[in-house]
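I have placed the structure first, in the form of structure tokens, so that the comments after it can refer back to it.
The values are calculated or read from the model by the stated rules, or taken from the named source; none is laboratory data. The shown structure was predicted, so the numbers you read here are calculated from the model rather than taken from an experiment. Reconstructed Cβ throughout: ideal geometry from the backbone, glycine too, with neighbour counts over all protein chains shown. Accessible surface areas use protein heavy atoms only, side chains included; no ligands, DNA or RNA. Shrake-Rupley method; radii C 1.70, N 1.55, O 1.52, S 1.80 Å.
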Amino acid sequence: MQEMYQKPVHRKGTLAKADLQKIVLGNEYDVQRMLYSLIRPIFPEARVEIYEDGGYKSYRYDIFFDDYETVIEVKCSRPSMQERELTEQIGSDAFHYQEKYIYFFIYDKHRVIANVDAFSKAYSKSLNTHEKQIETVIIQPISF
């Protein structure tokens, strides 16, 4: 976010800073689209919104890498969301997802997470001590 919006635009570039400021991430689908557009050139086999049969009900992976047993779950905070709701979603996803590597990418647009470092640490697990490796990445917006 900082590189995209706050760093000066190269003088030979065609995008003006005002143009960049028009790009606003409004919800989880916007974040997923942006993240997927960055991942796809590196991992062309990545797929979005893949449904998996969970036995009782199905669930949906936001970004899925079949060859790597990896899923990225994208979250975006809303004005009505509390930190507790976010933790419940992460707990449910971590329990239900069967892949070995789970990454939570959280765009905390409304800053519902009080302590980003503690939250990230609490919702990350090592494959050495657990059956799944879980990493949590949190991005909070910057001011212009």
Taking the range 27-42, which residues are of a type outside the set (Lys, Arg) and part of a loop (DSSP other than H, G, I, E, B)? 27, 41, 42
What do you reckon, is residue 15 part of a helix (DSSP H, G or I) and hydrophobic (A, V, I, L, M, F, W, C)? no
What tally of residues in the range 88-144 results from selecting those that are part of a helix (DSSP H, G or I), open to solvent by 40 Å² or more (accessible area, probe 1.4 Å) and closer than 20 Å to residue 29 by Cβ? 2
Mind listing just one residue for me: the one in the range 97-135 that is aliphatic (A, V, I, L, M) and under 14 Å from residue 73 (Cα atoms) and, of those, nearest to the chain's Cα centre (by Cα)? 106
